[in-house]
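Take a look at the structure set out below.
The values are calculated or read from the model by the stated rules, or taken from the named source; none is laboratory data. Every value quoted in this text rests on a predicted model; they were computed, and no experiment measured them. Every residue, glycine as well, gets a Cβ built from its backbone with ideal geometry; the counts of neighbours run over all protein chains shown. The protein model used for the area step is the full one, side chains on, heavy atoms only, and it has no ligands, DNA or RNA in it. Shrake-Rupley method; radii C 1.70, N 1.55, O 1.52, S 1.80 Å.
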Amino acid sequence: MKQLLEFLGVILLIQGAVGLLNELTGWLGGWGAVQHLTFVDGYELYLSIAMIVLACALFAAAESRRFG
């Protein structure tokens, strides 16, 4: 379970960072999943920040697991 939480955290951290980088600089336009979601038009920056925060929460949850 700990490895699953860490894996999901890494995926969310990468996607959030790519989305944030795209919104602030315009680089890596087609790489992030956030830019392909049409129902979040206008909220990509907030969703990218939320993904990074969720990744940190997943890392904290993985560290709190004792075994596994």
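Of the listed residues Leu24, Leu58, Leu37, the order by accessible area with a 1.4 Å probe, largest first, is Leu24, Leu37, Leu58.
For the chain, applying the loop criterion from DSSP together with a ceiling of 11 other beta carbons within 10 Å to the GluC sites (Glu not before Pro) yields no site. Run a plain Debye calculation on the chain (Cα atoms as equal point scatterers, no solvent) and give log10 I(q)/I(0) at q = 0.15, 0.23, 0.26 Å⁻¹, rounded to two decimals, same order as the q list. Here the Debye-derived log intensity ratios amount to -0.49, -0.87, -1.01. Accessible area ranking (1.4 Å probe, heavy atoms, ligands and nucleic acids excluded), largest first, for Thr38, Thr25: Thr38, Thr25. Residues of segment 24-57 falling in the label zone of Ile11, defined by backbone nitrogen less than 18 Å from a point 7 Å along Cα to beta-carbon, are 31-37, 48-57. Charges on Cβ only, +1 for Lys and Arg, -1 for Asp and Glu, centred on the Cα centroid of the chain; of Val34, Leu8, Ser64, which one is farthest towards the dipole's positive end? Going by the charge dipole, the pick is Ser64.
For the chain, the fraction of 1.4 Å probe accessible surface lying on carbon and sulfur atoms is 69 percent. Axis of helix 2-25 versus longest Cα principal axis of the chain: the two differ by about 20°, to the nearest ten degrees.
A simple charge model with +1 on the Cβ of Lys and Arg, -1 on the Cβ of Asp and Glu and nothing else charged puts the dipole of the chain at about 360 debye relative to its Cα centre. Computed over protein heavy atoms with a 1.4 Å probe, the accessible surface of the chain works out to 70 Å² per residue. Computed from Cα positions, the angle between helix 44-64 and the longest principal axis of the chain comes to roughly 10 degrees. For every helix of n ≥ 4 consecutive DSSP H residues, a contribution of -39,500 (n - 2.57) applies; sum these over the chain, divide by its total residues, and give [θ] at 222 nm rounded to the nearest 500 deg cm²/dmol. Value at 222 nm, helices only, nearest 500: -23000 deg cm²/dmol.
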